[in-house]
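Novice: Structure in structure tokens, see below.
Values in this text are rule-based calculations from the coordinates and carry no lab data. Please read these numbers as outputs of a predicted model, since none were measured by experiment. So basically every Cβ, Gly included, is an ideal-geometry build from the backbone, and we count neighbours across all protein chains shown.
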């Protein structure tokens, strides 16, 4: 196989994989019914076009011969064919849009499901081949489903046109048919040379547009930090650089499109005179009627358009091909994650048991994903029910990584972990996740609002010193607010504790979860944890945290650890 063919075959493979998933998947009955209706209507449109050409031929011939009766019959024949063609054309477009919509819904739902399955959304961040998966799911799926049907129908229409009009041209002149095929072949080869370059440019354009858009979103999400640092100039410079990259790539696309335009326009204008050069002398000799000349010109244009679909669609096809590459890369990466899960399940030496009532680690070694680095070695400990453990150590010693391993986010490593089921655990990071929605939805996350009891929510907010939060929502727990910008980081951390107290887990894992709080609020929340009878494991650097824990686990950068009981004053 020549190296130049490999990218094309890879793109075709991605295309057929994505298409087969829909037409052979769970929605195949609906998909195939709409496709069958669309194909039937597509054939109907082609047949109507052939009848229109004959009706127009008779009409023009009668006009040239000044035959009034034939002219009137030609008008009525033309009107009748138009009357039939209108509903066929309308339902043809309607069926195309309905099938595209059904396909987009199904494929987007499937990708979102696979995106969340086994926390692929978490691991895909490290993938070098998949940038901006959000754009690929939201935008590229839409472009793919509409593009597939557009190009598929262009091909089907071209086949129908060829079948319908080649016979018409052959009857008029076999020489015209030969010239037509030679002309279209030369034009197709030349246009494909332009298309190869445009595919790469459009692929880069999608990537650069997404990167620029993400930069704007990142500024919005981190507006306060940027303002504190007075980082406007730096952010402005970064955004302008990304914009310039995007515009520079657009400049190249415009340039290659211009070059393609020179060829395409010349190709189309030259095609206008070819039928006249061949059929015109035949009319002058009296071997054909004038209506045949106009019919031949129309048929030639229709067949040439059918044979020149690559020339006519090369720019859109280049953009569409780039979209297939991006969507196919996402699909392949999700497949790789599924395969990786199966491989890790077969190879993993660590065991996680979720039937225990407390946390116990037996000879656990924590490794980075893939096992490239060992952070903690041969760690054994047991957290009593309602007990507390403080994990401290230098940066890079694996404190947060140990929590990831216990949570199951990292699956590589050795040893045995006994813990309650995940529904009985809660993990609070340093930067709480503020979900879009109301205060009720915020506090019940990840559960739905229907599980909320307003009296319990009100009581918990009082207990975490967030009484004033009611004033910001006018006492309405259902009011939607941008909580990330409305609440300070300290308030957000207290909201996270409110979630914890509402859930009432068996064990809470706190990763710098009080770092933005003053010592008084920190002490108050830890006392509440003890009062609720919740066991907890904290990761932190403050020495004041020792007062709220029974045991200290010190992790060292060489992978060793040291456990000591904290003496009570």
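Novice: Please state the shape class of region 29-149: rounded when a/c is under 1.5, otherwise prolate if a/b exceeds b/c and oblate if not, all from the C-alpha gyration tensor.
Specialist: Values: a/c = 6.27, a/b = 3.69, b/c = 1.70.
Prolate.
Novice: Give me the one-decimal nm value for the distance between modelled label points at residue 73 and residue 468, 7 Å along each residue's Cα-to-Cβ direction.
Specialist: The two pseudo-label positions are separated by 9.3 nm.
Novice: At a 10 angstrom cut-off on C-beta neighbours, averaged per residue, how do the peptides 144-152, 416-424 rank from highest to lowest? Could the numbers behind the result be given before it?
Specialist: Working: 144-152: 19.1, 416-424: 15.6.
Going by the mean number of other Cβ atoms within 10 Å, highest first, we get 144-152, 416-424.
Novice: If you don't mind, another one. Can you give me the orientation-averaged projected area of the convex hull built on the Cα atoms of region 352-565, in nm²? Mind showing how you got there, number by number?
Specialist: Working: hull surface 46.8 nm².
One quarter of the hull surface, i.e. the mean projection, equals 11.7 nm².
Novice: Please say if region 402-494 is rounded, prolate or oblate, where rounded means a/c under 1.5 for a ≥ b ≥ c the square roots of the C-alpha gyration tensor eigenvalues, and otherwise the choice is prolate for a/b larger than b/c and oblate otherwise?
Specialist: On the way: a/c = 2.58, a/b = 2.09, b/c = 1.23.
Because a/c hits 1.5 or more and a/b exceeds b/c, region 402-494 counts as prolate.
Novice: Right, here's the next one. Cut-off is 10 Å between beta-carbons; in what order do 355, 394, 512 appear when sorted fewest neighbours first?
Specialist: Values: 355 8, 394 12, 512 19.
In increasing order of surrounding Cβ atoms, one gets 355, 394, 512.
Novice: Would you list 186, 566, 391 from fewest to most Cβ contacts within 10 Å? If you can, show how the numbers build up before the last one.
Specialist: Details: 186 11, 566 16, 391 27.
Ordered from fewest to most neighbouring Cβ atoms within 10 Å, 186, 566, 391 come out as 186, 566, 391.
Novice: May I pose another question? Rounded, prolate or oblate for region 473-512? Axes are the square roots of the Cα gyration tensor eigenvalues, ordered a ≥ b ≥ c, and the cut-off for rounded is a/c under 1.5. Don't skip to the end; give the middle numbers.
Specialist: Working: a/c = 3.50, a/b = 1.59, b/c = 2.20.
Oblate, since a/c reaches 1.5 and b/c is not below a/b.
Novice: At a Förster radius of 25 Å, what calculated FRET efficiency corresponds to the Cβ-Cβ distance of residue 63 and residue 90, to the nearest 0.05? Please report the intermediate quantities before stating the final value.
Specialist: On the way: r = 30 Å, r/R0 = 1.19.
After rounding to 0.05, the efficiency reads 0.25.
Novice: For a quick protection proxy, order the peptides 545-558, 37-50 by their average other-Cβ count within 10 Å, most packed first.
Specialist: Values: 545-558: 17.1, 37-50: 18.6.
Peptide ranking by packing, descending: 37-50, 545-558.
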